[in-house]
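Working notes, beginning with the structure itself.
Quick note: the coordinates plus some simple rules give every number you see, no bench work behind them. Model, not experiment: these values are computed from the prediction.
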């Protein structure tokens, strides 16, 4: 397994989904933050982070995700996570991310509750 995190973005109206693949460590967290901040600066106020292809997140990666959540909160937006492994979901709950960002079992339920356009 490579440590490099790959992030792809799919815009959905005034929202976006970030798909991650790989390890969310300091470099991976910075890649997510960079993409998220670009989207926020471009007017996106709803983000879903789909972690289906991410199996591990370290403490530095979590701290960077918290910074992304804080910036989105400052912009009066919303952020959510979906498709987490049970270990990552429990870690996010313990570390407090679940207090500020909702966690959904799949992208469809996240998109529906957050009011994103239906997949085409």
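Note on the chain: antiparallel DSSP beta bridges, both residues inside, total approximately 30 percent of the bridges counted.
The long axis of helix 59-74 is offset from the longest Cα principal axis of the chain by roughly 20 degrees. Taking all Cα-Cα distances within the chain, those exceeding 26 Å account for 9%.
Among 41, 106, 14, the largest mean-square fluctuation in a Gaussian network model of the chain, built with springs joining Cα atoms closer than 10 Å, belongs to 41. Relative to the dominant Cα principal axis of the chain, helix 26-41 is inclined by about 10°.
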